[in-house]
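Structure, as structure tokens:
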Amino acid sequence: MKKLNYEKPIISKITAGVPNKFGLSSKQRIITGIDSVSVTQLAEEFGSPVFVFSEKTIRDTYNEAKQIFETHYPKVQFAWSYKTNYLDAICSIYHDEGSWAEVVSGFEFEKALSLGVNGSNILYNGPEKSEKDLKMAINHNACIHIDHFDELYLLIKVTQEMNKKARVAIRVNLDAGIYPMWDRFGFNYENGEAWNAINRIMLADNLELTGLHTHIGTYIMSSSAYGIAAAKLSNLMVAIHRKFNHWLKYIDLGGGFASKNTLKGAYMPGSETCPTFDDYAKAISNAIISSEIPHENLPFLFLETGRALIDDAGYLITSVLANKRSTTGRRTIVIDAGVNLLFTSFWYNLGVFPSREVSDMMEDTTIYGPLCMNIDVVREAINFPQVKTGDRLVIVRVGAYNVTQWMQFITYRPNVVLIDLEGKAHIIKKKENLETLKENEFNPKG
């Protein structure tokens, strides 16, 4: 008979939950595979750590959101938020599903063009647009969302010099009951600044006002806030028609839909509390349809949804480097992926799960990354089972922002893998090495 491994006895707090006939369950969720590809196989083939994306989840989530919004509103167009995840393979999937591109820089604009996106299907947001960028956008007939008066005046100057017309919208910041209010971007609704900008655009011969845009914030847990924002933009649209006899083509409600991640400090998990696509769709569609806009003149509804579409599709496979005890006796784990790869760990209590059956004994644990920095904390406190050095762990809902905001710091950035619809794994971004890291460096001393 094989001798059982010794497990140090611990005092474990009761995990709240729904009891069965045996009492309260503390069974740990195990993630053995991603889209039927084993975690062990992925780590052995592509290294650890490794980001893994599920094409099936991307397409399923996108089509769920699209179907729900089109059920509630007759004219809907999604525009993929490049800053959320601008890997070519990821963006191409969204474009294949019919999504436009939403960009916030000249770099992202060029990336969208390189992927074959028609310039007229690019929404160009952001406060920093150089004269060169504006000329590129005008030449490709993009929808330019004006952020401030200096940009407006520069755009008037550029269109006059080019003798070309530009399709424009304005970004509007407004009070939707979300605080702090995002008022650093765009023109304010309440103080009349947005109306002032609209009047100046209507006076400009080479500017065609086509839409209104707002982005009320990030990870918005209140769907009713979108209803308030949609109502205010609808009122602006009606006012524009009354004064100028001009109907706009679209209203853009931006992004900010919450994913199922759990924010730090939240009492309940995000999977239980964040609104559904149906909640957001009802609030937005009710506001526009119930406004004074005649039904025959209803605008297109543009949505720049990012995190809610991609978070669930992203995983990070990592390995246990060490088990330790702090001076207070607290259990700690060191893994080979840190905050340089997981920027969203500063915002979320990310889900971390073993990839194999482990001990049922759970203990309050801190999970650290491998960096020589005290801030490298992936999870400050998580009820976690005992694991061994070399065990693979899976961190879930990491699809948004991590591979755009990651840093090359202390360690190389890892492989990024996509599992296609046939269950085949492909590298979509190769791991860095010393050669790729130094290729843009120059040493004047040789």
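The values are calculated or read from the model by the stated rules, or taken from the named source; none is laboratory data. Computed from a predicted structure; not experimentally measured. All Cβ positions, even for glycine, are placed from backbone atoms using ideal geometry, and neighbour counts span all protein chains on display.
Of the residues 379, 413, which single one is assigned to a loop (DSSP other than H, G, I, E, B) and surrounded by 14 or more Cβ atoms within 10 Å (Cβ to Cβ)?
Working: 379 fails: assigned to a loop (DSSP other than H, G, I, E, B).
Matching residue, one of 379, 413: 413.
For residue 158, state whether it is closer than 18 Å to residue 211 by Cα and touching a residue at least 12 places away in the same chain (Cβ under 8 Å). Talk me through it step by step, then tell me what you get.
Numbers: closer than 18 Å to residue 211 by Cα: no; touching a residue at least 12 places away in the same chain (Cβ under 8 Å): yes.
Answer is no for this residue.
In the range 90-103, how many residues are of a type outside the set (Phe, Trp, Tyr) and either assigned to a strand (DSSP E or B) or surrounded by fewer than 19 Cβ atoms within 10 Å (Cβ to Cβ) (or both)? Don't jump to the end; show me each part of the working.
Start the filter on the range 90-103 by keeping residues that are of a type outside the set (Phe, Trp, Tyr), which leaves 90-93, 95-99, 101-103.
Narrowing further to those that are either assigned to a strand (DSSP E or B) or surrounded by fewer than 19 Cβ atoms within 10 Å (Cβ to Cβ) (or both): 92, 95-98, 101-103.
So the answer is 8.
Among the residues of the range 321-332, is there at least one that is assigned to a loop (DSSP other than H, G, I, E, B), at positive phi and more than 22 Å from the chain's Cα centre (by Cα)? Give the derivation first.
Just the residues of the range 321-332 that are assigned to a loop (DSSP other than H, G, I, E, B), to begin with: 326-330.
Right, trim to at positive phi and you get 329.
Filter once more, keeping what is more than 22 Å from the chain's Cα centre (by Cα): 329.
Yes, the conditions are met somewhere in the range 321-332.
So that you can scan it fast, the table gives a plain yes or no per residue for (1) more than 18 Å from residue 319 (Cβ to Cβ); (2) more than 20 Å from the chain's Cα centre (by Cα); (3) not hydrophobic (A, V, I, L, M, F, W, C):
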| residue | (1), (2), (3) |
| --- | --- |
| 380 | yes, yes, yes |
| 383 | yes, yes, yes |
| 388 | no, yes, yes |
| 401 | yes, no, yes |
| 412 | no, yes, yes |
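In this structure, does residue 357 turn out to be of a type in the set (D, E, K, R) and within 29 Å of residue 88 (Cα to Cα)?
Working: of a type in the set (D, E, K, R): yes; within 29 Å of residue 88 (Cα to Cα): no.
In short, no.
Just give me the residues in the range 333-375 being among the polar types (S, T, N, Q) and outside any loop (DSSP other than H, G, I, E, B), in sequence order.
If we filter the range 333-375 for residues that are among the polar types (S, T, N, Q), which is where we start, we get 340, 344-345, 349, 355, 359, 365-366, 374.
Hits for the range 333-375 are 344, 345, 365, 366.
Test residue 128 against the stated conditions and say whether it is touching a Ser or Thr at 6+ places or on another chain (Cβ under 9 Å), of a type outside the set (S, T, N, Q) and assigned to a strand (DSSP E or B).
Numbers: touching a Ser or Thr at 6+ places or on another chain (Cβ under 9 Å): yes; of a type outside the set (S, T, N, Q): yes; assigned to a strand (DSSP E or B): no.
So residue 128 fails the test.
Restricting the range 262-280 to residues that are among the β-branched types (Val, Ile, Thr) and in a loop (DSSP other than H, G, I, E, B), which is farthest from the chain's Cα centre (by Cα)? Break it down stepwise before answering.
Start the filter on the range 262-280 by keeping residues that are among the β-branched types (Val, Ile, Thr), which leaves 262, 273, 276.
If we keep only those that are in a loop (DSSP other than H, G, I, E, B) too, we end up with 262, 276.
Numbers: 262: 14, 276: 16 Å.
It comes out as 276.
What is the one condition in (1) in contact (Cβ under 8 Å) with a residue 24 or more places away in the chain; (2) over 28 Å from residue 327 (Cα atoms); (3) in contact with a strand residue (DSSP E or B) (Cβ under 9 Å, 6 or more places away or on another chain) that residue 430 does not satisfy?
(1)
Residues being more than 26 Å from residue 255 (Cα to Cα) and in contact with a Leu (Cβ under 8 Å, 6 or more places away or on another chain): count how many of those fall in the range 379-411. Steps first, please.
Taking the range 379-411 and keeping what is more than 26 Å from residue 255 (Cα to Cα), we get 379-394, 408-411.
Retained after the next criterion (residues that are in contact with a Leu (Cβ under 8 Å, 6 or more places away or on another chain)): 379, 387, 389, 394, 408-411.
The qualifying residues number 8.
Quick check: anything in the range 222-244 over 21 Å from the mean Cα position of the chain (by Cα), basic (Lys, Arg) and assigned to a loop (DSSP other than H, G, I, E, B)?
Scanning the range 222-244 turns up no residue that is over 21 Å from the mean Cα position of the chain (by Cα), basic (Lys, Arg) and assigned to a loop (DSSP other than H, G, I, E, B).
Quick one: would you say residue 93 is over 29 Å from residue 187 (Cα atoms) and touching a helix residue (DSSP H, G or I) at 6+ places or on another chain (Cβ under 7 Å)?
Values: over 29 Å from residue 187 (Cα atoms): yes; touching a helix residue (DSSP H, G or I) at 6+ places or on another chain (Cβ under 7 Å): yes.
Judged against the criteria, residue 93 is a match.
Out of all the residues in the range 39-68, which are buried (at least 22 other Cβ atoms within 10 Å of the Cβ) and either modelled with pLDDT under 95 or of a type in the set (Phe, Trp, Tyr) (or both)?
Within the range 39-68, 51, 53, 62 meet the criteria.
Would you pick out the residues in the range 104-125 that are under 18 Å from residue 185 (Cβ atoms) and either among the aliphatic types (A, V, I, L, M) or in a loop (DSSP other than H, G, I, E, B) (or both)?
104, 105, 123, 125 - these are the residues of the range 104-125 that are under 18 Å from residue 185 (Cβ atoms) and either among the aliphatic types (A, V, I, L, M) or in a loop (DSSP other than H, G, I, E, B) (or both).
Going through the range 43-54 one residue at a time, which ones are in contact with a strand residue (DSSP E or B) (Cβ under 6 Å, 6 or more places away or on another chain) and either assigned to a helix (DSSP H, G or I) or over 26 Å from residue 121 (Cβ atoms) (or both)?
Filtering the range 43-54 for residues in contact with a strand residue (DSSP E or B) (Cβ under 6 Å, 6 or more places away or on another chain) gives 43, 46, 48-54.
Once the filter is applied, which keeps residues that are in contact with a strand residue (DSSP E or B) (Cβ under 6 Å, 6 or more places away or on another chain) and either assigned to a helix (DSSP H, G or I) or over 26 Å from residue 121 (Cβ atoms) (or both), the range 43-54 yields 43, 46, 48, 49, 50, 51, 52.
Which of the residues that make up the range 281-318 are in a helix (DSSP H, G or I) and either over 30 Å from residue 383 (Cα atoms) or over 22 Å from the mean Cα position of the chain (by Cα) (or both)? Walk me through how you get there before you give the answer.
Keep residues of the range 281-318 that are in a helix (DSSP H, G or I), which gives 281-289, 295-297, 307-313.
Those that are in a helix (DSSP H, G or I) and either over 30 Å from residue 383 (Cα atoms) or over 22 Å from the mean Cα position of the chain (by Cα) (or both): 281, 282, 283, 284, 285, 286, 287, 288, 289, 295, 296, 297.
Does the range 246-261 include one or more residues that are part of a helix (DSSP H, G or I), surrounded by 15 or more Cβ atoms within 10 Å (Cβ to Cβ) and modelled with pLDDT of 95 or more?
no
List every residue pair whose Cβ atoms lie under 6 Å apart, where the two residues are 6 or more positions apart in sequence or sit on different chains, the first residue falls within the range 188-210 and is over 20 Å from residue 123 (Cα atoms), and the second residue, located anywhere, is assigned to a helix (DSSP H, G or I) and basic (Lys, Arg).
Between residues of the range 188-210 that are over 20 Å from residue 123 (Cα atoms) and residues that are assigned to a helix (DSSP H, G or I) and basic (Lys, Arg), the close pairs are 189/232.
Just to be sure before I move on: is residue 69 farther than 27 Å from residue 396 by Cα, assigned to a helix (DSSP H, G or I) and among the aromatic types (Phe, Trp, Tyr) in the structure I sent? So that I can check it myself, show each step before the final result.
On the way: farther than 27 Å from residue 396 by Cα: no; assigned to a helix (DSSP H, G or I): yes; among the aromatic types (Phe, Trp, Tyr): yes.
No: the conditions fail for residue 69.
For the range 174-197, name all the residues that are in contact with a Phe, Trp or Tyr (Cβ under 9 Å, 6 or more places away or on another chain) and acidic (Asp, Glu). Spell out the reasoning first.
Looking only at the range 174-197, we keep the residues that are in contact with a Phe, Trp or Tyr (Cβ under 9 Å, 6 or more places away or on another chain), and these are 174-176, 187, 189, 193-197.
Across the range 174-197, the qualifying residues are 175, 193.
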